[in-house]
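S.K.: The structure under discussion is supplied below as structure tokens; questions concerning it will follow.
The values are calculated or read from the model by the stated rules, or taken from the named source; none is laboratory data. No experiment lies behind these values; they were computed from the predicted model shown. Just the protein is used for accessible areas: all its heavy atoms, side chains included, with ligands, DNA and RNA removed. Shrake-Rupley method; radii C 1.70, N 1.55, O 1.52, S 1.80 Å.
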Amino acid sequence: MTADLVVLDFENAEVRTSDYESLKPSGWLTGEIINFYWTFLERREFRTEPCVLFLGTYTAYRISNAESATVTDNISAQLSDELNHRQLILIPLNHRSHWSLLVYCRLTRTFYHYDSISKHNRDFAERAAGRFLRVLEPKLKDGFYFKSMQTPQQNNDYDCGIYV
């Protein structure tokens with residue numbers, strides 16, 4: 001058995017050998033690759049944009065699959081300081097091995113969903129948006145808007161992570 005060594009580390013975002021392998025042609029990107037890239041974007045490319053948050057894949061997964069309000073309420077309490085000043089939150093969704101992107105705009109209370117296989121994850125994304133709203137806007141009593149957006153489409157069964 002080979003060790004799954006850390007091959008790249010950027011501000012505590014690690015890429016291991018197995019994650020690196022997912023970058024090969026026809027590979028399915030791992031959540032760690034997406035986290036690594038999002039950490040880079042947030043800390044380097046968007047460092048002067050404090051209103052933007054790139055939510056990590058692990059947190060996004062926990063919220064989108066939460067089976068009780070207790071889970072979302074606990075996450076909301078843990079992240080409240082981090083979320084208060086954010087106006088645009090980018091959320092990677094993974095459902096049935098397919099990545100899509102959910103973007104929340106606080107100003108319009110709208111979730112925008114981008115899916116590289118038409119509306120493959122749409123129903124899941126809309127349910128997840130309700131869970132995310134409990135975390136992002138815990139005091140909001142009204143609803144939210146949800147829009148499926150046009151986005152470039154993948155022409156294979158493995159590039160969805162690249163589109164996110």
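S.K.: Could you give the accessible area per residue of the chain, probe 1.4 Å, as a whole number in Å²? Numbers along the way, then the final one.
M.R.: Working: 9880 Å² over 164 residues.
Normalised by residue count, the accessible surface of the chain is 60 Å².
S.K.: Kindly provide the helix-only [θ] at 222 nm of the chain, computed as the sum of -39,500 (n - 2.57) over DSSP H runs of four or more divided by all residues, to the nearest 500 deg cm²/dmol? Please report the intermediate quantities before stating the final value.
M.R.: Numbers: 6 runs with 57 residues, N = 164.
Computed ellipticity for the chain at 222 nm equals -10000 deg cm²/dmol.
S.K.: Each residue of the stretch 135-144 in order: what ³J(HN,Hα) in whole Hz does its phi give by Karplus 6.51 cos²θ - 1.76 cosθ + 1.60, θ = phi - 60°, with x for Gly and Pro?
M.R.: 7, 6, 9, x, 9, 6, 9, 7, x, 9
S.K.: Could you go through the stretch 25-33 in sequence order and give the Karplus-derived ³J(HN,Hα) for each residue, using 6.51 cos²θ - 1.76 cosθ + 1.60 with θ = phi - 60°, rounded to whole Hz, and x for Gly and Pro?
M.R.: x, 6, x, 9, 4, 8, x, 5, 5
S.K.: Next up: According to the square roots a ≥ b ≥ c of the eigenvalues of the Cα gyration tensor, what is the shape class of the stretch 1-84, taking rounded for a/c under 1.5, prolate for a/b larger than b/c otherwise, and oblate for the remainder?
M.R.: Details: a/c = 2.38, a/b = 1.43, b/c = 1.66.
Because a/c hits 1.5 or more and a/b fails to exceed b/c, the stretch 1-84 counts as oblate.
S.K.: Expressed as a rounded percentage, what relative contact order does the chain have, with Cα pairs under 8 Å and six or more residues apart? Each step should come with its number before you reach the end.
M.R.: Values: 246 pairs, mean separation 33.3, N = 164.
Relative CO of the chain lands at 20 percent.
S.K.: Taking Rh as the Kirkwood radius computed over C-alpha pairs, what is the Stokes-Einstein D of the chain at 20 °C in a medium of viscosity 1.002 mPa s, expressed in µm² per second?
M.R.: 129
S.K.: In the stretch 79-154, carbon and sulfur make up what percent of the accessible area (probe 1.4 Å)? List each step's numbers first, then the result.
M.R.: Values: 2040 of 4130 Å².
Reported share for carbon and sulfur atoms: 50 percent.
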